[in-house]
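Following: one structure in structure tokens, then a few remarks.
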Amino acid sequence: MCECLETIFKKFKGKEEELIPLLQSVQEEAGFLSESAMRDIAKFLRIPQSKVHGVATFYAQFRFKPKGRKHIMLCRGTACHVKGAPRILEEIENHLEIKEGETSADLEHSIESVACIGACSLAPCITVNNKVHADLTPQKIEALFNKRMN
Amino acid sequence: MDLNNLVAEATKEWKELIKGDTPAVFVGNATCGRSAGSMDVIEAFQQEIEKQHIECNVVEVGCIGLCYLEPLVMVYKPGAPLVCYRNIGTKEATALVDSHLIKDTINQERLIGVISDTPQAALPELKDIPVMKPQVRLVLQNCGHIDPNNLNHYIANKGYSGVAKMLTLQPEDVIERIKESGLRGRGGAGFPTWRKWQFCRDAKGTSKYLICNADEGDPGAFMNRSLLEGDPHSLLEGMIIAAYAIGASTGYIYCRAEYPLALVRLRLAIQQAEEQKLLGDDILGSGFNFHIKIKEGAGAFVCGEETALIASIEGSRGMPRPRPPFPAIAGLWGKPTIINNVETLASVARIMQNDPAWFSQYGTEMSKGTKTFALVGKVQNTGLIEVPLGISLKEIIFDIGGGVPNNKKFKAVQTGGPSGGCIPAHLLDIAMDYDSLAQAGTIMGSGGLVVMDEDTCMVDVARYFLDFAQKESCGECAPCRLGTKQMLDILEDITSGKGTIEDIELLESMGDGIKKGSLCGLGQTAPNPVLTTLRYFRNEYEDHIINKKCTAKVCRDLKYYDILPDKCTGCHICFKACPTNAISGTAKQLHQIDQSLCIKCGMCLDKCPVKFNAIECYAGNKI
């Protein structure tokens, strides 16, 4: 088991109810949930690995591949949808040459779509490493990615 | 610790800030403000103030709800009313320091209105501008006015006086007060809050739990986020009161991880309240104990359902279980549990700070009080509003919202998110209360109002919601798991031009079956967006199926792009933009689109310079 996991485990009591916060902490630290990390979590909580897998795959937040250094979250909320989010996604995908849910081979970018960021009055919007970019158009996406991302 | 001491100290600090001798600048710094650049604006103010060697407080506040005017700034000068400005970027902020703070000149161009005790002849009052006038802000009264990180600001505005009053009453009397106020749950279904509490109060057992559902999952809604970011103590106060009434000593806030700022402010608020003995053991020396823990949601819409939310807190997959027993009898760890929504609990705090009659003077016979709505989509003034229940939809969209932008025609408004439905233009006079909305086939929901115009395809909207429900279905019961998938397949056929006229009837009967057969609220309401659009916009479905045409020009397979020969100058820009090489033509010659290669992405239309406007999108397919 790697040291970083041990440091995280020290903050928990080892109760089954801590599974989700534990998965969140590990993902926060490592960027994703690896097979071995989930195995160690199962051991630590003394629960079957199947339970850890079952819970991790149930919730949208957990990912099993590393994310990019620039992690893009695209809002798929209703307001964003009626204001053209599908077109924004397409433009981002074309630009970065990866699809939603993927991470680029050089680990620079990753795209994920989320149910709603909660910035509906500024639709359509995305976040790049948690910073919100609002009121987007295909043109703005082009400018954003040319200027800041390359 | 005595609350009166705290109040005296807090009031002094508050009065000094808003009525004292030092000027102050208040910058709206919730998520909406931040995405418009408010962090930079704060820095610009601080730098300029330092540079000019003047004394001025720079205060971070929540959002007053006028999201379309962000970044919002309020400026206070001793002896003058508070002036509210819109769209203040870093450049304008720097200029304001000189013009307003030093030279006392109001920037008329960016002025929204003023807040003052005495009417100002020359300046409009903020509360009288069209967006604000029909609003009654009870729950949101502090949002955008106080610093959410400062407990004293909250206390100075009646904060925690509800808890002090509660401690003089018996739990049953607290429930009685909530009953008198007529408060109904603000999370969706609208169940009377007091009745739910009474069930839990009467349930056997000593350990009981209170859960606040802050997992605002409806896409298109952000009322709870705004309240948590702008006024987190209101929620804590409401929770303390609810816990006292039902007899709980532990509470959980189940908040979504997508709201990082709300989580930060909540954690700080809990710490501050604990330090002042407003929360924790022996609250205000009364012997009443109540602790609040935060649980971060991990992204599952179904966790809005009570029993699924409980399963998630227990560390399992968020899957609902059959009821009864209801959570009020057997919930978290099998103990009696109450789950209330953020707005419900904040309303509880206001009711106790004032009195039940004060709250019930607003609203209708069956729906008392006010309701916050997130007004978004194709509407001029997007933002967060709070109105008395029973107000007409027309007033919300046209008076407060300012109507549909770009001279487009209003088509519908979606209420209640994926569980709700669409209200068409001819029902605009509908009163916004629980019962009228139910009659129209939709629900109040948590308060998302997504406005749609002529460019919105209602079949596509129905498909969008079904896609959402199908992905979020937990998979436990077959009607929801298989039914939503089947309905989605049919809708995808229709939006891609492969639908048959029998599909309409099939959708209706399946929708009915899923509603009746599903285990929890997700499945029971998932067909609503389809059923209401079928009820009010059947012609659009027929247009897709029979004429193979999407009049709103949204559905990709039922529209096409073409180049206008008399406008194309052969600038070659579209040629370069096309990802599939479907455009042919040499420079300075008329270009053409090969429809068989075109994937209808619309990039050529986006890229064609406005001065030419040589590309058009048409409904149907080119023959």
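The values are calculated or read from the model by the stated rules, or taken from the named source; none is laboratory data. Just so we're clear, the structure is a prediction, and the values are computed from it rather than from any experiment. With ideal geometry, Cβ positions are generated from the backbone for all residues, glycine too; neighbour counts draw on all protein chains shown. The protein model used for the area step is the full one, side chains on, heavy atoms only, and it has no ligands, DNA or RNA in it. Shrake-Rupley method; radii C 1.70, N 1.55, O 1.52, S 1.80 Å.
Rounded to whole Å, the principal axis extents of the Cα atoms in chain B read 81, 67, 41, largest first.
When a 1.4 Å probe is rolled over the protein heavy atoms, the share of accessible surface on the stretch B:458-546 that falls to carbon and sulfur comes to 50 percent. Ignoring ligands, DNA and RNA, what percent of the accessible area of the stretch A:70-146 is carbon or sulfur (1.4 Å)? Here it works out to 50 percent.
Rolling a 1.4 Å probe across the protein heavy atoms gives the protein assembly as shown an accessible surface of 40 Å² per residue. Treating each Cα of the stretch B:160-359 as an identical point scatterer and summing with the Debye formula, the log10 of I(q)/I(0) at q = 0.18, 0.19 Å⁻¹ comes to -1.30, -1.46.
Residues of the stretch B:376-395 that bury at least 10 Å² of accessible area once all protein chains are present, compared with their chain alone (1.4 Å probe, heavy atoms only, ligands and nucleic acids left out), are B:Val376, B:Gly377, B:Lys378, B:Thr382. Panel note: contact residues of the stretch A:80-98 (accessible area lowered by at least 10 Å² against the chain on its own; 1.4 Å probe) correspond to A:His81, A:Val82, A:Lys83, A:Arg87, A:Glu90, A:Glu91, A:Asn94. Protection proxy ranking, highest mean first, for peptides A:100-108, B:333-341: B:333-341, A:100-108, where packing is the per-residue count of other beta-carbon atoms within 10 Å, averaged. Separation of the alpha carbons by more than 28 angstrom is noted, of B:Lys77/B:Lys158; A:Lys51/B:Lys293; B:Lys498/B:Lys611; B:Lys335/B:Lys485, for B:Lys498/B:Lys611; B:Lys335/B:Lys485. The HN-Hα couplings worked out from phi for the stretch B:259-266 by the Karplus form 6.51 cos²θ - 1.76 cosθ + 1.60 (θ = phi - 60°) are 10, x, 5, 4, 5, 4, 5, 5 Hz, whole numbers, x standing for Gly and Pro.
Once backbone amide H atoms are built at 1.01 Å from N, B:Ile112 has B:Cys84, B:Tyr85, B:Arg86 as its partners under 5 Å, excluding neighbours fewer than 5 places away on the same chain. Karplus-based coupling profile of the stretch B:213-226, in residue order and whole Hz: 7, 10, 9, 3, x, 4, x, x, 9, 8, 4, 5, 4, 4, with θ = phi - 60° in 6.51 cos²θ - 1.76 cosθ + 1.60 and x standing for Gly or Pro. Amide H contacts of B:Ser392: B:Met432, each under 5 Å away and 5 or more positions distant or on a separate chain (H built 1.01 Å from N in the peptide plane; Pro and chain starts excluded). The relative contact order of chain B comes to 11 percent, based on Cα pairs under 8 Å that sit 6 or more residues apart. Contact residues in the stretch A:118-141 (at least 50 Å² less accessible area with all protein chains than alone, 1.4 Å probe): A:Gly118, A:Cys120, A:Ser121, A:Leu122. Can you pull the Kirkwood radius for the protein assembly as shown, inverse mean 1/r over Cα pairs, to one decimal in Å? Taking the inverse mean of 1/r over all distinct Cα pairs, the protein assembly as shown comes out at 27.7 Å. When B and A come together, around 3500 square angstrom of accessible surface is lost from both chains combined, probe 1.4 Å. For B:Lys559, the residues whose amide H sits under 5 Å from its own are B:Gly620, ignoring neighbours fewer than 5 places away on the same chain, with H placed 1.01 Å from N. Shown for the stretch B:558-601: the carbon plus sulfur share of the solvent-accessible area, taken with all protein chains present and a 1.4 angstrom probe, equals 54%. Applied to the stretch B:470-484, the Karplus parametrisation 6.51 cos²θ - 1.76 cosθ + 1.60 on θ = phi - 60° returns per-residue 3J(HN,Hα) values of 5, 5, 8, 4, 6, x, 6, 10, 5, x, 6, 4, 8, x, 5 Hz, with x for Gly and Pro.
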